[in-house]
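Okay, so here's the structure we're looking at.
The values are calculated or read from the model by the stated rules, or taken from the named source; none is laboratory data. Only a predicted model underlies this, so the values are computations on that prediction, with no experimental measurement involved. Heads up, the Cβs are rebuilt from the backbone with ideal geometry, glycines too, and the neighbour counts pull from every protein chain shown. We work out accessible area using only protein heavy atoms, side chains counted, and drop any ligands, DNA or RNA first. Shrake-Rupley method; radii C 1.70, N 1.55, O 1.52, S 1.80 Å.
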Amino acid sequence: MTRSLTRHAARAGRRALALALLLPALSLPLHAGDTAQLNILGFSEDGSIFAFEEYGIQDGSGFPYANRYYVDTGTDAFVKGTPIRVRLDDESASLGVARAKARESGEKIVAEKVLQANPGFTAAFNAVTEVNADPARIVAYPFPVFPPIAQALEFRLEEVPVAEDERCHGLGEMKGLRLLQIDPSAGGVTRIVHEDTTVPQSRGCAIGYRLAGLQTHAPDGSLGSYAVLIAVERVGFEGPDYRWMAVTGRP
């Protein structure tokens with residue numbers, strides 16, 4: 001009986017200690033920013049336009065939003081009339097409604113059935129929650145043919161300081177980005193694909209970036225165009241927010 005009571009007391013003591021260690025952690029405030037969901041929509045039939053969608057519930061307000069981006073892969077510029085941005089200023093509004101409104105507007109740019117018929121290939125993808133991936137480097141073959149018949153594509157991302165924006169004063173160091181493409185066939189020659197001198201207001205108060213994915217368009221077995229997906233970390237209301245951007249190009 002004495003041993004049983006002793007074991008019971010020991011177990012009770014361990015439970016009490018575990019609870020005591022846990023309570024301070026439970027009392028800490030949890031901060032959750034707004035990480036937009038990414039939906040790769042696809043390419044136009046000739047690969048001249050790349051489209052993707054981001055959507056979610058805005059932190060702080062609770063408003064549903066859906067944004068669609070259509071990028072000219074030859075110039076790396078938004079197609080005229082885009083981006084398409086929808087936000088429903090009602091916490092009880094449906095996210096599905098916001099996405100449907102954005103999709104309806106996007107039909108005027110590239111028909112949804114065309115994008116669905118030309119999804120391209122996701123050659124690489126690193127989620128913002130993935131901790132074992134290199135956020136500054138992507139190396140991938142452009143399409144799934146083995147043994148490979150094409151050279152691997154390699155991109156590297158560098159964060160660069162930019163002039164402070166008055167809107168972001170006191171919110172941390174604002175950053176732009178530089179995207180480099182490495183060509184191993186030319187002895188590792190580096191080409192600047194994109195470089196910020198300023199940060200557009202549409203990115204908000206950007207404080208960091210990470211390479212997230214590579215989407216390619218190669219309908220005839222040779223690379224026609226590509227899109228490098230980049231996650232943009234920015235200052236949010238309840239924590240850091242993540243939004244998406246793409247840098248496009250052609251070989």
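Details
- Top-ranked residue in the range 218-251 [being among the hydroxyl-bearing types (Ser, Thr, Tyr) and open to solvent by 10 Å² or more (accessible area, probe 1.4 Å); ranked as modelled with the highest pLDDT]: 242
- The set of residues in the range 178-195 that are at pLDDT below 95 and not β-branched (Val, Ile, Thr) comprises 183, 184, 185, 186, 187, 188, 191.
- Test: residue in the range 94-103 that is buried (at least 17 other Cβ atoms within 10 Å of the Cβ), modelled with pLDDT of 95 or more and either assigned to a loop (DSSP other than H, G, I, E, B) or among the polar types (S, T, N, Q) (or both): no
- Candidate set: the range 52-69, residues that are of a type in the set (S, T, N, Q) and touching a strand residue (DSSP E or B) at 6+ places or on another chain (Cβ under 8 Å); chosen: the one surrounded by the fewest Cβ atoms within 10 Å (Cβ to Cβ): 58
- Scan of the range 118-145 for residues that are of a type outside the set (Phe, Trp, Tyr), open to solvent by 30 Å² or more (accessible area, probe 1.4 Å) and not in a loop (DSSP other than H, G, I, E, B), ordered by number: 122, 137, 139
- Residue check, residue 187 touching a strand residue (DSSP E or B) at 6+ places or on another chain (Cβ under 6 Å) and among the small types (Gly, Ala, Ser): no
- When residues of the range 161-217 are limited to those that are in a strand (DSSP E or B) and small (Gly, Ala, Ser), the one surrounded by the fewest Cβ atoms within 10 Å (Cβ to Cβ): 208
- Condition met for residue 150 (of a type in the set (Gly, Ala, Ser), surrounded by 13 or more Cβ atoms within 10 Å (Cβ to Cβ) and more than 23 Å from residue 210 (Cβ to Cβ)): yes
- Annotation for the range 56-67: at least one member residue is among the hydrophobic types (A, V, I, L, M, F, W, C), closer than 22 Å to residue 233 by Cα and under 19 Å from the mean Cα position of the chain (by Cα).
- Checked across the range 205-215, the condition of being among the aliphatic types (A, V, I, L, M), closer than 18 Å to residue 74 by Cα and out of contact with any Ser or Thr (no Cβ under 8 Å at 6 or more places or on another chain) holds for no residue.
- Considering the range 59-83, the residues that are at pLDDT 95 or above and polar (S, T, N, Q) include one that is farthest from residue 38 (Cα to Cα), namely 75.
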